[in-house]
């Protein structure tokens, strides 16, 4: 890989794509697979759940997603305590999925906001166990710093509640997190459409994670492509250095040589 | 003997190991993991760990999910 390839580093791995996608909520596995392909994502999240004992010989998710091609990111969705989240992560690793974990410790079923106390505890425990921890958190800079200090390889502040499609509700907090973080900042949750993703990258975020934004779109394949382009555009714009915002106009054309017909 | 597998009571043979149980259930275990009474069992220990009466067993795998 070229040194100036602008790679995203997470733990011991490096990635070209700054878009991470989920595998949930798709109408079919075939659409899911194609959407992931079009998104250009290299990391995909999976959930860890009970095997259906009555479904002998039925196809599994990993028949549709090649674990050799993608970095699997098991999540601890639905875990409300650090204990549940840690056990889920350990199971995911033992299943041979990954030692990356998208760590969720949920505080409340309606908002799905994180329980940050449990989240920080689970982060510490899983870092001790050798996991590459990517914690889903809120947009509080204090919590983000604690997660970084606990050894998380990145912090993943939500833009808005999971699946809400509201986009970035608090860009100011996000900017504070970005200013202080020494690890990558990846916006996770609440992205609704392409501009939301572009804005995240323009602000200086290192990546975006989304699931519903693509899977729930009327045309998930088209939206996957849109998101791929948006993340790319946002990143390029960020690196290009935007013009400042001004209250008044500054003409783009010269004053010299203007005709005088008075 | 009676055990609980994934929350449901099941009758299984005495003296079965975790590996034996998985084989009898006919499950695709390529990417599966097992917890016994709340503790994760290493894959390498599956043949050695014996299931006992009243054990609670969770057998999980990866499914589609975002958050």
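At a glance:
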item	result
Whole-Å distance, taken between Cα centres, linking the stretch A:1-80 and chain B	25 Å
Average other protein chain Cβ within 10 Å of Cβ, residues A:27-37	0
The protein assembly as shown: antiparallel DSSP beta bridges as a percent of all, rounded to 5	50 percent
Listed residues A:207, A:167, A:78, most fluctuating in chain A (Gaussian network, C-alpha, under 10 Å)	A:78
Length-normalised contact order of the stretch A:1-132 in % [C-alpha pairs under 8 Å, at least 6 apart]	18 percent
Over chain A: helical MRE at 222 nm, DSSP H runs n ≥ 4 each giving -39500 (n - 2.57), nearest 500	-10500 deg cm²/dmol
Relative exposure of B:21, B:16, A:229, judged by other C-beta atoms within 10 Å (fewest first)	A:229, B:16, B:21
Mean Cα-pair separation over length for the stretch A:98-178, i.e. relative contact order, pairs under 8 Å, 6 or more apart, %	27 percent
Proxy reagent accessibility, fewest Cβ within 10 Å first, across A:12, B:52, A:25, A:146	A:12, B:52, A:25, A:146
Å³ per residue enclosed by the Cα convex hull of the stretch A:1-105	124 Å³
Max mean-square fluctuation residue, GNM over chain A, Cα-Cα springs under 10 Å, options A:228, A:242, A:16	A:242
Neighbour-count ranking [beta-carbon atoms within 10 angstrom, fewest first] of A:147, A:247, A:72	A:247, A:72, A:147
Relative pair counts by distance (%), Cα atoms of the stretch A:137-209, 10 Å bins	23, 58, 18, 1
The protein assembly as shown - convex hull of alpha carbons, volume per residue in Å³	169 Å³
Fraction of antiparallel bridges per DSSP, the stretch A:91-220 only, in percent to nearest 5	10 percent
Fluctuation leader among A:21, A:208, A:127 - chain A, Gaussian network, Cα springs under 10 angstrom	A:127
Value at 222 nm in deg cm²/dmol, rounded to 500, when DSSP H runs of n ≥ 4 in chain B each add -39,500 (n - 2.57)	-3000 deg cm²/dmol
Relative contact order (percent, whole number), chain A, Cα cutoff 8 Å, 6+ residue spacing	17 percent
Relative packing of peptides B:32-44, B:1-13, A:90-102 - highest average C-beta neighbours within 10 Å first	A:90-102, B:32-44, B:1-13
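Since every read-out is calculated from the coordinates, none of them should be taken as a lab result. A quick note: this is a predicted structure, and the numbers were derived from the prediction, not measured. Backbone-built Cβ (ideal geometry, glycine too); neighbour counts: all protein chains shown.
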